Amino acid sequence: VQDYEAALRNHYSDALYATYRLAMARYNQEDYENAITDFNEVIEREPTDANAYYWRGRTKMDSGAYRQGINDILRALELGYDAPEYAYFFLAKAYDEVEDYDSAIENYTYSLEYTTEDCETYYCWIDYNNRGTSHYWSGDYASAVEDYTRAIQANPEEYPLALKNRGDAYVELDKMDLALSD
């Protein structure tokens, strides 16, 4: 942060880049208020910067402003953000936070379209587990069981959480033997 601030004070030739990097440094230090201010400056100077919109959205989400963060990440996607699998994943998480489970399910599904071919790199089991939880909270327990099962199959080493979640869904489906097994 100090280095980027000094670069800007000393009129670094690429002030836009330095401001963006300053915003990222502040984000990483969880200084969300100042990071948002810096991302605002980047967006004001370069209104088509998809990365700035994405990271401002993530920053807003991390500070609890989920709806505002959703709007920014949607704008990043409109501008061609180059890692849509992450954008959709974080959109889904934000929709879960505001209890818009249908939108969460839709965005986990979009994320999975990018991640299932390389599940190890993108941890698609998390998408399956989280989408299962969105189904669970929306009352669709059968779909929750399907997604939790996919999470278990995708990464058996991380399956305790998905097993617990699937057990909860089985309870709601009154399948106590399966719940106890999980």
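The values are calculated or read from the model by the stated rules, or taken from the named source; none is laboratory data. Quantities reported herein were computed from a predicted structural model and do not represent experimental measurements. Cβ: placed from backbone, ideal geometry, glycine included. Neighbour counts: every protein chain shown. All accessible areas refer to the heavy atoms of the entire protein, side chains included, with ligands and DNA or RNA removed. Shrake-Rupley method; radii C 1.70, N 1.55, O 1.52, S 1.80 Å.
Restricting 91, 22, 79, 16 to those that are over 25 Å from residue 133 (Cα atoms) and under 20 Å from the mean Cα position of the chain (by Cα) reduces the list to 79.
When segment 152-170 is filtered for residues that are within 19 Å of residue 141 (Cβ to Cβ), aliphatic (A, V, I, L, M) and open to solvent by less than 50 Å² (accessible area, probe 1.4 Å), the ones remaining, listed by number, are 152, 162, 163, 169. Filtered by the rule that a residue be at pLDDT below 95 and within 17 Å of residue 75 (Cβ to Cβ), segment 14-37 gives 20, 23.
Of 98, 42, all but one fail to be β-branched (Val, Ile, Thr), buried (at least 18 other Cβ atoms within 10 Å of the Cβ) and touching a helix residue (DSSP H, G or I) at 6+ places or on another chain (Cβ under 9 Å); the exception is 42. Looking only at segment 109-125, decide whether some residue is open to solvent by 80 Å² or more (accessible area, probe 1.4 Å), under 24 Å from residue 63 (Cα atoms) and not charged (D, E, K, R). No: zero hits. Taking the numbered list (1) out of contact with any Leu (no Cβ under 7 Å at 6 or more places or on another chain); (2) acidic (Asp, Glu); (3) open to solvent by 30 Å² or more (accessible area, probe 1.4 Å) in turn, residue 182 passes all entries but (1). Taken together, the criteria place residue 146 among residues that are part of a helix (DSSP H, G or I) and open to solvent by 80 Å² or more (accessible area, probe 1.4 Å).
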